[in-house]
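S.K.: Sending over a structure as structure tokens; questions will come in a sec.
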Amino acid sequence: MNQYIVLRVVSKLMIPVIMIFALYVQFHGEYSPGGGFQAGIVFTAAFIVYTLLFGLEAAQKAIPPKAAHILAAAGVLLFIAFGYAAMFLGGNFLEYKVLLPNDQAGETFGIIGIELGVGITVATVALSLFYSFAGRERR
Amino acid sequence: MTEHLPALQVAIGLTAAPVVMMLGRSGRLAWALTTLTCWATFAVALALFFEVSDGSVITYQMGGWAPPWGIEYVIDAANAWVLVIIGMISAVVMPFARRSVEREISASRIAMFYCAFLLANAGLIGITVTADAFNIFVFFEISALASYALIAMGRDRRALISSFQYLIMGTVGTTFLLIGIGFLYIMTGTLNLGDLAARLPEVADTRTIRAAFGFIAVGISLKLALFPLHLWLPNAYTYAPSMVTVFLSATATKVAIYVLLRFVYSVFGFQFSFVDLSMGWVLMPLALLGILVPSLVAVFQTNVKRLLAYSSVAQVGYMILGISFASTLGLMASVMHLFNHAITKAALFMAIGCLVYRLGGISLTHLAGAGQRMPWTMAAFVTAGLSLIGVPLTAGFVTKWHLIQAALEGGYWPIALLLLGTSLLAALYIWKVVEVAYFQTPDDEHAQVKEAPLSMLIPTWVLAGSTVVFGIYGNFTVNSARAAATALMGGAP
């Protein structure tokens, strides 16, 4: 990889930007196009670019497949935790407005929270899929 | 907390699934947590069932959004009945699953396996509780995707290809369902089942709505394996791990039938489905062929699991036949058979699971002499087999009795005679197994086989015993089915 200096430099410039854009899509999802699903995919796209250029091992050093599995489950749990939290605070399941004293703030807080869960799960599931395809010939 | 029961019914399983997945290597712990979850889900289902047993209806607004904008969960006598079936089967199958799964699934995958099982279970429950058409589609996909993974984990390499076959057919089915729901949405602007039922009559006489009805009916028929759309079923049931076959055969097609009933009776309404579009005349020949042809095919099978899978297609035929009579009695017989067939077929497949555990295979040659080596397992098989045939004092008889009554009430006496005839076919294929198991001597390889372990035998007998209990005390199923049929006939959920 060392001899492809153009690819290396461009990717080093682009990958952080892609990730920041993913976070932008993630946290602006509730009032502009976007949300957890799109953000998760964009985030994984950055990882896939990195893997294509620097190899699977380097990528798996950053997020090992095991960690990806755990995070995928954790994202779902985060989503559900917001559902239960609303239930214990006197609302219905996933009724975010009871989460904070101000109804609107509660809605925003809740939607950002569950979207974060969606984002984590989508990113890590997509990554796991990519890992298992990319790692096939090694075994 | 009781007002949250409809949400908990789904949420418990969905919460446990990722936790079980995180447990990773510890298969035992994963099993224990899954078992607890299934029991808790069953308890919730029972609580809901008793709460609606007086004819009341429970509604729950997801996220506090009022219907028809938000997703609403509605529980009446009909879907509470289906919830009890799913809950009971998963609660009984889990103790059975421990040994069976340890034998059939590699240790590193057991946690993943139970995670997929919980998702399949929660998906089926979700389909049943929700009163939102699009939500039904989403839960269909959740349970279906998890089921594909479960089937693909079978030991036989053919499990993969049969899972893929199911994936293609199942996806076609749910896509048709989605197209139909999309058409309904175009015409009415709503997805809530109750709201749909209220708005449909205005626009019912349009081609879009008739097309929607066609797409939904065909899509769900694929999922419930109505002959001739059943081709995915025999392979999927044959090559899936034993525990998965037990669970899917007892619940998956039943839930699809419930959805068909919900759309046909509650959303489109009796008048539209059966009078304007004469759905009964489409379903009846398919149901009759669906009883006859797979029963005949089953007689010639040498793999017992496959034999029972074909018998499942035939049993779906009975349920559809009840619907095609377009009468309350026929509907009641169908709804009753959801339960009776679930316990019967689950008991049979559990006995098969015990036999596979000890004998290593399930073709007729493996079974030679199993009656002497594994007397309790085979006795359970015979008991449940009698219920499948419809012998008096078993659950199967209660259904057949009502089905024949419904046929006579509608004036279809040739069908009543035919039903008696097809029972003989069932007797024929069950006898094939019994003959080999009891009247042939085992080969040397299988002469030393012992009885199945108690942890598998007890759940098998719980279900085999209940086919007799619900055959003698048929009142419970008859009354519940009557209440469910009334709720379905009564219009919107």
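S.K.: Just wondering, is there one or more residues in the range B:406-416 that are within 19 Å of B:Ala484 (Cβ to Cβ) and part of a helix (DSSP H, G or I)?
M.R.: yes
S.K.: Select from the range B:326-341 the residues that are within 10 Å of the chain's Cα centre (by Cα) and either basic (Lys, Arg) or more than 17 Å from B:Leu393 (Cα to Cα) (or both) and list them in ascending order.
M.R.: B:Leu338
S.K.: Here's another thing I want to ask about it. Considering (1) assigned to a loop (DSSP other than H, G, I, E, B); (2) of a type outside the set (A, V, I, L, M); (3) surrounded by fewer than 21 Cβ atoms within 10 Å (Cβ to Cβ), say which one B:Gly154 fails and leave the rest.
M.R.: Among (1) assigned to a loop (DSSP other than H, G, I, E, B); (2) of a type outside the set (A, V, I, L, M); (3) surrounded by fewer than 21 Cβ atoms within 10 Å (Cβ to Cβ), the lone unmet condition for B:Gly154 is (3).
S.K.: Further question: Go through the range B:20-41 residue by residue and tally those that are surrounded by fewer than 18 Cβ atoms within 10 Å (Cβ to Cβ), in a helix (DSSP H, G or I) and within 13 Å of chain A (Cβ to nearest Cβ).
M.R.: Final tally of qualifying residues: 1.
S.K.: Looking at the structure I just gave you, is B:Ala427 modelled with pLDDT of 85 or more, buried (at least 19 other Cβ atoms within 10 Å of the Cβ) and out of contact with any Lys or Arg (no Cβ under 8 Å at 6 or more places or on another chain)?
M.R.: So B:Ala427 does not fit the description; no.
S.K.: Before we move on, is B:Met319 within 16 Å of the chain's Cα centre (by Cα), closer than 23 Å to B:Thr486 by Cβ and either of a type in the set (A, V, I, L, M) or in a loop (DSSP other than H, G, I, E, B) (or both)?
M.R.: Against the criterion (within 16 Å of the chain's Cα centre (by Cα), closer than 23 Å to B:Thr486 by Cβ and either of a type in the set (A, V, I, L, M) or in a loop (DSSP other than H, G, I, E, B) (or both)), B:Met319 qualifies.
S.K.: Then there is this: Within the range B:177-193, how many residues turn out to be aromatic (Phe, Trp, Tyr) and surrounded by 20 or more Cβ atoms within 10 Å (Cβ to Cβ)?
M.R.: The number of residues fulfilling the criteria is 1.
S.K.: Out of contact with any strand residue (DSSP E or B) (no Cβ under 7 Å at 6 or more places or on another chain), within 11 Å of chain A (Cβ to nearest Cβ), of a type in the set (A, V, I, L, M, F, W, C) and assigned to a helix (DSSP H, G or I): which single residue out of B:Ala47, B:Ala16, B:Ala7 fits that description?
M.R.: The conditions single out B:Ala16.
S.K.: While we're looking at this one, here's another question. Only one of B:Leu196, B:Leu224, B:Leu231 is under 26 Å from B:Ile85 (Cα atoms) and crowded, with 19+ Cβ neighbours inside 10 Å. Can you tell me which?
M.R.: B:Leu224
S.K.: Just the residues that are at the interface with chain B (Cβ under 10 Å from one of its Cβ atoms) and of a type in the set (Gly, Ala, Ser), please, taken from the range A:66-104.
M.R.: Those that are at the interface with chain B (Cβ under 10 Å from one of its Cβ atoms) and of a type in the set (Gly, Ala, Ser): A:Ala72, A:Ala73, A:Ala74, A:Gly75, A:Ala81, A:Gly83, A:Ala86, A:Gly91.
S.K.: Restricting attention to the range B:53-75, which residues are acidic (Asp, Glu) and modelled with pLDDT of 90 or more?
M.R.: B:Glu72
S.K.: What's the number of the condition B:Gln448 fails, among (1) assigned to a helix (DSSP H, G or I); (2) modelled with pLDDT under 85?
M.R.: The failed condition is (1).
The values are calculated or read from the model by the stated rules, or taken from the named source; none is laboratory data. In this text, all values refer to a predicted model and were calculated from it rather than measured experimentally. Don't worry about glycine lacking a Cβ; one is built from the backbone with ideal geometry, like all the others, and counts go over all protein chains shown.
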